[in-house]
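Trainee: Got a structure for you, questions after.
The values are calculated or read from the model by the stated rules, or taken from the named source; none is laboratory data. It should be emphasised that the depicted structure is a prediction, and the values quoted were computed from it without experimental measurement. All Cβ positions, even for glycine, are placed from backbone atoms using ideal geometry, and neighbour counts span all protein chains on display. Remember, those area values only see protein heavy atoms, side chains included, never the ligands or the DNA or RNA. Shrake-Rupley method; radii C 1.70, N 1.55, O 1.52, S 1.80 Å.
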Amino acid sequence: MSQQWVKFLPAPLRSRLSGRPYLQQVVGNTAWLVGDRVARLGVGLLVGVWVARYLGPTDFGLFSYAIAFASMFAAISTLGLEAILTRELVAEGCPEGELMGSAFLMRLAGATTAFLLAAATILVVRPGDPLTQAMVAIVAAGNFFQAFDVIESGFQARVMSKFTVMAKGAAFFVLSGVKVALILLHAPLMSFAIASTAEVALGAAGLVVAYRAAHHSIRSWRPNLRWMWSLFRDVWPYTLANLVILLYMRIDQVMLGQMAGNRDLGIYSAAVRLAESWYFIPTAIVSSVFPSIVNSMARGDDTFYGRLQRLYRVIALVSYLVAVPTTFLAPWIVAVVYGPDYAAAAPILVTLIWAGLFTSLGVARGSFMTTMNWTRLHLLTVSLGCLINIALNVVLIPRYGGLGAAIASLIAYGFAAVGSCFLFKPLWRTGWMLVKAVASPRL
């Protein structure tokens, strides 16, 4: 069915989309995702900056530490099921009720494990610090509600992300208003941790409502041991890979908080939030074209790798369009957004914004490796990146503080996404494709 919005586009774009309903659906799906993230970017930055200014570098650092610490265990909750579940749902003749029910039960089991591990580990890492322990437990409790994200995979398989956008977007905007109210009421630090988990819970409720609105029901979900074993067999290397990814993307904050203190972590976290604020763009692009990449395998290597190369080039172009101006404007951006207390975040922001180039390419490469079912190889490459990040943090944080942690991330992300490809023969072609994308980005 033709998408009605196409007729409002400029003539050149309209002509390219005319008569191509699937492409129209992909573009429309991407528009929903990008539109949602743009709206979140504006409101999220405004509210997030207000929270950072209200709490100050020290309390904001503690808040960021709790989120980063709980996030390191989140992969155990998600199990890396998103892409695998989408892949199976795209396949013809799949028993959707059994798949969704099996994935949901697996996510609940993962959430329980993640919560217990996070709560137990923080007791060891920060004994005698009940405030941090309580905040980590509250944030980690959000994993239980994220089990309903299997609904998001269902919408993604049908290229119908607008339902996810409406459900989670509503939760985000409501809780953003709650955070503003907490600031105006001079609420304590713990209140913001509770608000973060409440946002996840409200988003889960919204997904259930959206699922029903799309004429589906969770009552049709029927967990099946055969499908659970099949999903687990494919997903466990991806689970470990996602765990390692989250570890090496958040270990810098945890190590900085442990080695340099909450104030340095607060300044670093302010830079991280700015540097990662645009990550929704490559994620939205990859999410929208993923079903197309899966389907293109049946059309031969030329089509399959041609689409991958275009994806890599587009992702690199978007990264450059963000990184180059930020490099020159970072001091001004930090001064305007966070104020003089966070001035030291500017060089950290410049370093992390370039790390985003490799993070984005890593997301795109991940779609390729999922399609090929090379989850074990994916695990190995990100594990090497994680080890490099930890080693560099040990060396650089004592000397350079937050900037050292940023440099460690830049090197580790670059190696994990591109450099590691040249260590394994099956990835040589992918490695050269990524190099071409970095050297010659374009639409």
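Trainee: Count, please, the residues in segment 194-218 that happen to be touching a helix residue (DSSP H, G or I) at 6+ places or on another chain (Cβ under 9 Å) and either hydroxyl-bearing (Ser, Thr, Tyr) or open to solvent by 60 Å² or more (accessible area, probe 1.4 Å) (or both).
Mentor: Matching residues across segment 194-218 total 10.
Trainee: With respect to the numbered conditions (1) within 21 Å of the chain's Cα centre (by Cα); (2) closer than 20 Å to Ser153 by Cα, which one is the sole condition not fulfilled by Ser269?
Mentor: Every condition holds for Ser269 apart from (2).
Trainee: Just to be sure I understand, how many residues within segment 37-55 are over 20 Å from Tyr279 (Cα atoms), in contact with a Phe, Trp or Tyr (Cβ under 9 Å, 6 or more places away or on another chain) and open to solvent by 40 Å² or more (accessible area, probe 1.4 Å)?
Mentor: 2
Trainee: I would also like to ask the following. Just for segment 95-128: of the residues that are part of a loop (DSSP other than H, G, I, E, B), of a type outside the set (Gly, Ala, Ser) and open to solvent by 40 Å² or more (accessible area, probe 1.4 Å), which one is modelled with the highest pLDDT?
Mentor: Only one residue fits best here, namely Pro127.
Trainee: Mind checking which residues of segment 252-266 are open to solvent by 20 Å² or more (accessible area, probe 1.4 Å) and not charged (D, E, K, R)?
Mentor: Those that are open to solvent by 20 Å² or more (accessible area, probe 1.4 Å) and not charged (D, E, K, R): Met255, Gln258, Met259, Ala260, Gly261, Asn262.
Trainee: So Ser2 ticks every box in (1) assigned to a helix (DSSP H, G or I); (2) modelled with pLDDT under 70 but one. Which box is left unticked?
Mentor: The single condition Ser2 does not satisfy is (1).
Trainee: Can you give me the number of residues within segment 220-239 that are in a helix (DSSP H, G or I) and either at pLDDT below 80 or not aromatic (Phe, Trp, Tyr) (or both)?
Mentor: The total comes to 13.
Trainee: Still on this structure, please answer the following. Can you list residue pairs whose Cβ atoms sit under 8 Å apart, with the first residue in segment 142-166 being within 22 Å of Ala39 (Cα to Cα) and at pLDDT 85 or above and the second being of a type in the set (Val, Ile, Thr) and part of a helix (DSSP H, G or I)? Count only pairs 6 or more apart in sequence or on different chains.
Mentor: What qualifies is Gln146/Thr78; Gln146/Val200.
Trainee: Related question: Just to verify a result, which residue in segment 411-426, among those that are touching a residue at least 24 places away in the same chain (Cβ under 8 Å), touching a Phe, Trp or Tyr at 6+ places or on another chain (Cβ under 8 Å) and within 26 Å of Arg310 (Cβ to Cβ), is most open to solvent (accessible area, probe 1.4 Å)?
Mentor: Pro426
Trainee: From the list Asp252, Asp302, Asp264, Asp234, which one is without any contact (Cβ under 8 Å) to a residue 12 or more places away in the chain and at negative phi?
Mentor: Asp302
Here's the yes/no breakdown for (1) more than 26 Å from Arg429 (Cα to Cα); (2) surrounded by fewer than 21 Cβ atoms within 10 Å (Cβ to Cβ); (3) in contact with a Leu (Cβ under 9 Å, 6 or more places away or on another chain):
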residue: Pro282; (1), (2), (3): no, no, yes
residue: Ile285; (1), (2), (3): no, no, yes
residue: Met297; (1), (2), (3): no, yes, no
residue: Gly300; (1), (2), (3): no, yes, no
residue: Ser319; (1), (2), (3): no, no, yes
residue: Val337; (1), (2), (3): yes, yes, yes
residue: Ala345; (1), (2), (3): yes, no, yes
residue: Ile348; (1), (2), (3): yes, no, yes
residue: Ile353; (1), (2), (3): yes, no, yes
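Trainee: I would also like to ask the following. Residue under question is Leu357, and the condition is that it be open to solvent by 30 Å² or more (accessible area, probe 1.4 Å), aliphatic (A, V, I, L, M) and over 24 Å from Leu55 (Cα atoms); does it hold?
Mentor: Answer is no for this residue.
Trainee: Looking at segment 369-410 only, could you name the residues that are open to solvent by 10 Å² or more (accessible area, probe 1.4 Å), under 21 Å from the mean Cα position of the chain (by Cα) and among the small types (Gly, Ala, Ser)?
Mentor: Residue satisfying the conditions is Ser383 alone.
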